[in-house]
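The values are calculated or read from the model by the stated rules, or taken from the named source; none is laboratory data. Keep in mind it's a predicted model, so treat the numbers as computed, not measured. Note that we place each Cβ from the backbone using ideal geometry, even for glycine, and neighbour counts take in every protein chain shown. We work out accessible area using only protein heavy atoms, side chains counted, and drop any ligands, DNA or RNA first. Shrake-Rupley method; radii C 1.70, N 1.55, O 1.52, S 1.80 Å.
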Amino acid sequence: MKRPATVYLIPSFLDEEGMDALPAYILQAVKEAEVFFVENERSARRFLKKIWREMDIDSYRWFVIHKAEAEVKLEFLQQIKEGKKIAILSEAGCPGIADPGQMLVAAAQDAGAVIKPLVGPNSILLALMASGMNGQHFQFHGYLPIDSAERGRRIRELEINSRRDGSSQIFIETPYRNMSLLESLLKNGAPDTRLCIAVNLTGKSESVLTKTIDSWRKTVPEINKQPTIFILQAS
């Protein structure tokens, strides 16, 4: 009887200086994998060489999740049909969490593959843990609108939701638009709303600070082009 396919969900570092945040057992999964589905092949190869210097990178098959997604999904299902040991590797953090790998994990579930999620750093959870905000009830919203007027309305909606049920509202932004988002938060947020800004998690310059909007207005941090998680909780 043919063995069922195994899909390893392999976390990557959040910051290149934070390799020690990755557990050692990831290496065993990498060594068992036969084919890799990755968010970015170049950075994935570099990461794997960091954790396994002797790895013969070119002896594996590589598929980029973002390119021709329908065709990649068909190839993924074929690898499952053949009973392969497949690795899904995120660009940063954990596959399937705010990550395009979720599409393949859903396909693997439908196909009856064995799925092995591996422990690793996740910026959303790390920020929430250190924020001092509600870890019992929280929502992750991904990216807020780019348009300033729409973004302002969305921020006010998040405050209403948070104030109603005491929840933490978590969101992110493309690093080069961080300051624009922060400006909107300081403009539209209520003075007593608490805002956590978590920057460069697991890196040497890591910073996780929670202050009221009013306090942030007095000392606006410089977070341009730095990976950041934002968490809002209204009073």
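A few points about this structure:
- Probe 1.4 Å - accessible area at CYS196, Å² to nearest ten: 0
- For the range 128-207, the Kirkwood hydrodynamic radius comes to 13.4 Å, computed from all pairs of different C-alpha atoms.
- Under Stokes-Einstein, with the Kirkwood radius over Cα pairs as Rh, the value for the range 1-125 at 25 °C and 0.890 mPa s is 170 µm²/s.
- Protection proxy ranking, peptides 117-127, 43-53, average beta carbon neighbours within 10 Å, highest first: 117-127, 43-53
- Accessible area per residue (1.4 Å probe, heavy atoms of protein chains only) ranks ASP99, ASP56 as ASP56, ASP99, with the largest value leading.
- Debye, to nearest 20: dipole size of the range 143-231, +1 on Lys, Arg Cβ, -1 on Asp, Glu Cβ: 100
- Share of Cα-Cα pairs in the chain lying beyond 26 Å, as whole percent: 45
- Loop GluC sites (Glu not before Pro), the range 32-68 (other Cβ atoms within 10 Å of the site Cβ: 15 or fewer; DSSP): GLU54
- Based on Cα atoms of the range 78-148, Rg over Rh with Rh as the Kirkwood radius reads 1.07.
- Given LYS85/LYS204; LYS31/LYS81; LYS50/LYS211; LYS49/LYS204, the pairs whose alpha carbons are separated by over 25 Å: LYS85/LYS204; LYS50/LYS211
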